[in-house]
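Note sheet for the following structure.
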Amino acid sequence: MIALLGLIAGLLIGILIPYHIPQEYSNYAAVAILAALDSVLGGYSASLEGKFDIRIFLSGFFANSFMAAILAYIGDKLGIQIHLAAIFAFGNRIFLNFGNIRRKLIKINEISK
């Protein structure tokens, strides 16, 4: 329930207080957001399995977001679009986590009937 309230609060803040990310930082923000979303979905998947650990979640959330942004920055300095690899990797993990969550929720609903 707290997670749902946090999600709603975050959406309201994002809608009511518009913030525009400058174009030169858009690649960094994109991979950081994807990494954070991957961590959130991974944490939810782990909580459905009863294996959620807040330390692992928080360290993954911040470390993955930071590492993705740093790799995108290094790629920009080298003239290589490394951010595309990060987008592919995190996008793939997001869909895998979402699929796992969907299967677990369906299984839970079947058991409760």
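Considering region 1-20, the residues that are more than 21 Å from TYR44 (Cα to Cα) and surrounded by fewer than 10 Cβ atoms within 10 Å (Cβ to Cβ) include one that is modelled with the highest pLDDT, namely LEU16. Filtering region 21-44 to residues that are surrounded by fewer than 17 Cβ atoms within 10 Å (Cβ to Cβ) and polar (S, T, N, Q) leaves GLN23, SER26. Number of residues in region 45-90 that are closer than 19 Å to ALA30 by Cα, of a type in the set (Gly, Ala, Ser) and buried (at least 18 other Cβ atoms within 10 Å of the Cβ) equals 7.
Residues that are over 16 Å from GLY91 (Cα atoms) and either touching a Lys or Arg at 6+ places or on another chain (Cβ under 8 Å) or assigned to a helix (DSSP H, G or I) (or both) within region 21-42 comprise GLN23, GLU24, TYR25, SER26, listed in sequence order.
Hey, does region 86-106 have a residue that's farther than 29 Å from PHE52 by Cα, touching a residue at least 40 places away in the same chain (Cβ under 8 Å), part of a helix (DSSP H, G or I) and more than 15 Å from the chain's Cα centre (by Cα)? No - not one qualifying residue is present in region 86-106. Inspect region 42-49 for any residue being without any contact (Cβ under 8 Å) to a residue 12 or more places away in the chain, within 27 Å of ARG103 (Cα to Cα) and of a type in the set (Ser, Thr, Tyr) and give the result as yes or no. Yes, some residue in region 42-49 is without any contact (Cβ under 8 Å) to a residue 12 or more places away in the chain, within 27 Å of ARG103 (Cα to Cα) and of a type in the set (Ser, Thr, Tyr).
Output the residues belonging to region 91-113 that are surrounded by 14 or more Cβ atoms within 10 Å (Cβ to Cβ) and either within 19 Å of ASN27 (Cα to Cα) or of a type in the set (A, V, I, L, M) (or both). The answer is ARG93, ILE94, LEU96, ILE101. Kindly evaluate ILE56 against the criterion of being over 19 Å from the mean Cα position of the chain (by Cα) and in a helix (DSSP H, G or I). So ILE56 does not fit the description; no.
Here ARG55 meets each of (1) within 23 Å of ILE108 (Cβ to Cβ); (2) modelled with pLDDT of 90 or more with one exception, condition (1).
The values are calculated or read from the model by the stated rules, or taken from the named source; none is laboratory data. Small disclaimer: the values here were computed from a predicted structure and weren't measured. As a convention, Cβ positions derive from the backbone with ideal geometry for all residues, glycine included, and neighbour counts pool all protein chains shown.
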